1. Hey, among 98, 114, which residue is surrounded by 12 or more Cβ atoms within 10 Å (Cβ to Cβ), more than 26 Å from the chain's Cα centre (by Cα) and not aliphatic (A, V, I, L, M)?
2. At pLDDT 90 or above, closer than 30 Å to residue 12 by Cα and among the β-branched types (Val, Ile, Thr): which single residue out of 110, 159, 62, 69 fits that description?
3. Hey, could you check the range 28-42 for residues that are among the hydrophobic types (A, V, I, L, M, F, W, C) and either over 18 Å from residue 18 (Cα atoms) or at pLDDT 85 or above (or both) and say which is surrounded by the fewest Cβ atoms within 10 Å (Cβ to Cβ)?
4. Is there a residue in the range 67-87 that is among the aliphatic types (A, V, I, L, M) and more than 30 Å from residue 41 (Cβ to Cβ)?
5. Could you check how many residues of the range 119-135 are touching a residue at least 12 places away in the same chain (Cβ under 8 Å) and loosely packed, with under 15 Cβ neighbours inside 10 Å?
Amino acid sequence: MSGQLLTWLSVLAFLLGFIALVLEIFVVPGFGVAGMAGIILLAWGVLLLAVDFTQATAALVVALALTIVVFFLGLKFMSRLNLWQRLTLGTRLEKDEGYVAGQVDLVHLVDLTGVALTPLRPAGTVEIAGRRLDVVTGGEYIPAGAKVQVVRVEGSRVVVRRADYI
């Protein structure tokens, strides 16, 4: 391969890797294919530009070490200037301020029967005593329209089984 083609190939790999990392950060959520492809393309671009493998490996190790140092310096800088508090939500939803989860007592539904409004595979919606409820089964599939019976209630979790076979 000619030297000029190799140079352009390494620049292209490096730029594509950079673009993939930018897409991963700003467009694609999580750390997935774009992030891994970006890291691999960046490393490949550096390896192609190197005179020999030892030089490329040394450059990548130095780059990794500098990245770690800059990361920890950035953390220290953010804590000293209170930048972290500006980036995160500082308020809390405290119980004494009136923020509580809705407490619904569903124990009275045990042994009542109703109708599955959606297929329960194993979660879905049923109507019991005139109320629509989100429920789960013990693992079995129950088609929509089947009669169901409440087996137990665990907090806000309502467990049902098919009542046609009872």
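The values are calculated or read from the model by the stated rules, or taken from the named source; none is laboratory data. As the structure is a prediction and not an experimental result, all values here were calculated from the model. Every residue, glycine as well, gets a Cβ built from its backbone with ideal geometry; the counts of neighbours run over all protein chains shown.
1. Working: 98 fails: surrounded by 12 or more Cβ atoms within 10 Å (Cβ to Cβ).
Within the list 98, 114, the selection yields 114.
2. On the way: 110 fails: closer than 30 Å to residue 12 by Cα; 159 fails: closer than 30 Å to residue 12 by Cα; 62 fails: at pLDDT 90 or above.
Residue meeting the stated conditions: 69.
3. Narrowing the range 28-42 to residues among the hydrophobic types (A, V, I, L, M, F, W, C): 28, 31, 33-34, 36-37, 39-42.
Retained after the next criterion (residues that are either over 18 Å from residue 18 (Cα atoms) or at pLDDT 85 or above (or both)): 33-34, 36-37, 39-42.
Numbers: 33: 11, 34: 18, 36: 13, 37: 17, 39: 15, 40: 13, 41: 20, 42: 20.
The extreme case among them is 33.
4. From the range 67-87, those among the aliphatic types (A, V, I, L, M) are 68-70, 73, 75, 78, 81, 83, 87; that's our starting set.
Then keep just the ones that are more than 30 Å from residue 41 (Cβ to Cβ); that gives 81, 83.
Within the range 67-87, one or more residues are among the aliphatic types (A, V, I, L, M) and more than 30 Å from residue 41 (Cβ to Cβ).
5. Going through the range 119-135, the residues touching a residue at least 12 places away in the same chain (Cβ under 8 Å) turn out to be 119-124, 126-129, 132-135.
In the following step, the residues that additionally are loosely packed, with under 15 Cβ neighbours inside 10 Å were identified as 121, 123, 127, 129, 132, 134.
Count: 6.
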